[in-house]
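**Q** This is the structure I want to talk about, given as structure tokens.
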Amino acid sequence: MTVVDFTHIWNTIPFPAFVINSNLNIIEGNSAAEQIVHTSQSHMIGKNLGLFFGKNSIVIETVKQVKKQNSSFSQYGIEISTLDRLSIECNLHINPLDKDSTNYLLIIQPTSFAQKISKSSTQRTAARSVTAMASMLAHEIRNPLAGISGAAQLLAMNASKDDVELAEMIGQETKRIGTLVDRFEIFSDVRPATRNAYNIHDILDRAIRSSSAGFGSGIEFIKFYDPSLPDASGDTDQMLQVFQNILKNACESIKNERGKIKIRTSYNSGVRYAVSGNKTEILPLQIDIIDNGKGIPSNIVDEIFEPFVSSKVNGTGLGLSLVSKIITSHGGLIECSSEESGTTFTFRLPVWKKSFKDKI
Ligand SMILES: Nc1ncnc2c1ncn2[C@@H]1O[C@H](COP(=O)(O)OP(=O)(O)OP(=O)(O)O)[C@@H](O)[C@H]1O
Ligand SMILES: [Mg+2]
């Protein structure tokens, strides 16, 4: 039997990790923790966390919250400062280590290491570049396109049979470009999403129904819904489009006959996302879409939310950038993890509040 050396594992975790007690005193810290608090492992033991991060820091506030709720808690995209005034953008993960909650594991994951948030900021950048591109396309292509197709129609009126065919071809091809421009137009809409209360399961069911009637026929859709989920807030047409795009990609990645897509919903109160300054958004609605397809090709995995990134012969590479634009305008987050055995997309969304409606 192999003996596992847990001290070694603990010290090879590349992020600062601490075990703390309910008084917020450090019981253990790993090697990466030494670097963030500038103190050796043996010296940090017994010291209070506030000594290194400041008494009123967000780290302390978050640990206190976990103590109160006795459940795991994650904060994404926040900024913390250490006493040497070094400011780090990171994700915080805090988990009670035992039932009686006397000890907690605190992991500080700098965002340079954190794929999750780097993807989500990529999403935001992608959304911006697509918006600019969309406006340009809509304005600069539509007008000449109308001119070309009008001229082709005029030519066809006095042309020989062969030339009529060519003129018709011009008409068909300009129509195709027009459709592509229409698809783009949605990107140039930069208004905030309308916020109506909707049931996420209704939207997921509609997306599943339309998938299984078309490109997803033969694929098994397995639902694990949390029936107590509160309403989400947003634009139902746009959210339907999000899940249709995700399910379409999932179906297209499945080549075998035992294709399965799991759709899971859950309520996770321990997720916050820093919006700006000290403001955070609570994103408790979680939707996981898990396929057993062939996974995202490794050469594009970091860029899938960028426009025009596609591994498919006829793909436009616009599906996920549209998803990213819609989720961003709904104040949500997307995470994605992929292996050769399948891909998971996780969505985190805010719940609907009456105050959203009042703002409209
Ligand atoms: N579930 C998935 N499994 C494997 N690869 C995926 C999955 N979802 C997305 N991808 C990869 O991400 C790329 C980008 O997806 P996106 O939806 O933006 O464009 P597309 O599907 O190629 O084209 P379009 O959506 O316009 O038809 C895909 O080409 C594919 O390589
Ligand atoms: Mg797609």
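**Q** Can we say Y104 is buried (at least 19 other Cβ atoms within 10 Å of the Cβ), more than 16 Å from I20 (Cβ to Cβ) and in contact with a strand residue (DSSP E or B) (Cβ under 9 Å, 6 or more places away or on another chain)?
**A** So Y104 does not fit the description; no.
**Q** So, one more: Restricting to the stretch 1-32, what's the tally of residues that are outside any strand (DSSP E or B), more than 30 Å from the chain's Cα centre (by Cα) and within 16 Å of N95 (Cα to Cα)?
**A** 3
**Q** Considering only residues that are assigned to a loop (DSSP other than H, G, I, E, B), within 15 Å of ligand 2 (Cβ to nearest atom) and under 14 Å from the mean Cα position of the chain (by Cα), which ones fall in the stretch 281-310?
**A** I304, F305, E306
**Q** Out of everything in the stretch 231-259 that is among the charged types (D, E, K, R) and within 16 Å of ligand 2 (Cβ to nearest atom), what residue ends up being farthest from H330 (Cα to Cα)?
**A** K255
**Q** Among (1) of a type in the set (S, T, N, Q); (2) more than 6 Å from ligand 1 (Cβ to nearest atom); (3) touching a Gly at 6+ places or on another chain (Cβ under 6 Å); (4) free of Cβ contacts under 8 Å to residues at least 40 places away in the same chain, there is one condition S310 misses while meeting the rest; what is its number?
**A** (2)
**Q** Here are L240, L247: which of them is of a type outside the set (G, A, S), away from ligand 1 (no atom under 13 Å from the Cβ) and in the same structural domain as G332 (by TED's automatic domain parsing)?
**A** Of the residues listed, the single one that is of a type outside the set (G, A, S), away from ligand 1 (no atom under 13 Å from the Cβ) and in the same structural domain as G332 (by TED's automatic domain parsing) is L240.
**Q** Please find, among E220, E185, E257, the residue that is under 26 Å from R142 (Cβ atoms) and more than 14 Å from ligand 1 (Cβ to nearest atom).
**A** Just one listed residue meets the conditions, E185.
**Q** Please work out which residue is modelled with the highest pLDDT, limiting yourself to the stretch 149-199 and to residues that are within 30 Å of P307 (Cα to Cα) and of a type in the set (S, T, N, Q).
**A** N199
**Q** Which of the numbered conditions does P230 fail, given that it passes all the others? Conditions: (1) under 25 Å from T194 (Cβ atoms); (2) surrounded by fewer than 20 Cβ atoms within 10 Å (Cβ to Cβ); (3) within 11 Å of ligand 1 (Cβ to nearest atom).
**A** (3)
**Q** Taking the stretch 155-171 as the region of interest, how many residues are loosely packed, with under 11 Cβ neighbours inside 10 Å and not in a loop (DSSP other than H, G, I, E, B)?
**A** Of the residues in that region, 3 qualify.
**Q** Any idea which of (1) within 23 Å of R272 (Cα to Cα); (2) assigned to a strand (DSSP E or B) is the one S71 doesn't satisfy?
**A** Of everything listed in (1) within 23 Å of R272 (Cα to Cα); (2) assigned to a strand (DSSP E or B), S71 misses just condition (2).
**Q** Say we look at the stretch 320-331 and pick out the residues that are in a helix (DSSP H, G or I), closer than 15 Å to F347 by Cβ and small (G, A, S); which of these is nearest to ligand 2 (Cβ to nearest atom)?
**A** Among them, the one singled out is S324.
The values are calculated or read from the model by the stated rules, or taken from the named source; none is laboratory data. Computed from a prediction, not measured in an experiment: that's the story for all the values here. In this analysis, Cβ positions are derived from the backbone assuming ideal geometry, glycine residues included, and neighbour counts consider all displayed protein chains.
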